[in-house]
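What follows is a set of notes on a single structure, which appears directly below.
Values in this text are rule-based calculations from the coordinates and carry no lab data. Nothing here was measured: the structure is a model prediction, and the numbers come from that model. Cβ: placed from backbone, ideal geometry, glycine included. Neighbour counts: every protein chain shown.
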Amino acid sequence: MNKIKRTSLVFSAGQYLPEKYGNCHNLHGHNYKVNILLKTREIVNFKLIKEEIKKLDHCVMAPERHKHFWEDIQKLSSRYSGKEELPIFKIVYLPVEELTAEEIGKYLRSQIEEIPGVITAEIELSETDNCSVIIDEEVLRE
């Protein structure tokens, strides 16, 4: 078994949270930084990890349960722009209840652990230089 550290993968994305989180209820964005510590059993294709992170780059992240709302927004925006066949912005639906850093980190971890050769992944997801969350085995057991 090997331990491999991959640092400073970056993606920029919009998010929003329920009203109980205050100002974060408003649609806003972050330049997220992702650090990953992998346990592997064989060589891992790092390009696949980068591709997984890039899926969230320059998009609006939304919980899957809000899909109908965002589809309606896309239709209205497309009609207003006169380009009905083109979405105005990219939306990525995540299988989470809320778009907290913890839930986004758990989602990324599950996606990276699907990559061939990866046994487990510890994810550190930073929203700002002063605010990050670490998703490891202990977090998932809680």
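Quarter the surface of the alpha carbon convex hull of the stretch 9-114 and you get the mean projected area, 7.9 square nanometres. Rounded to the nearest whole angstrom, the semi-axes of the ellipsoid equivalent to the stretch 88-130, taken from the Cα gyration tensor as √(5λ), stand at 20, 16, 10, largest first. Charges on Cβ only, +1 for Lys and Arg, -1 for Asp and Glu, centred on the Cα centroid of the chain; of P63, I123, L9, which one is farthest towards the dipole's positive end? The listed residue farthest towards the positive side: L9. For the residue pairs K33/K54; K54/K90; K33/K106; K3/K55; K20/K54; K67/K90, the alpha carbons lie more than 19 Å apart in K3/K55; K20/K54.
The charge dipole of the chain, taken about its Cα centre with unit charges on the Cβ atoms of Lys, Arg (+1), Asp and Glu (-1) only, comes to about 500 debye.
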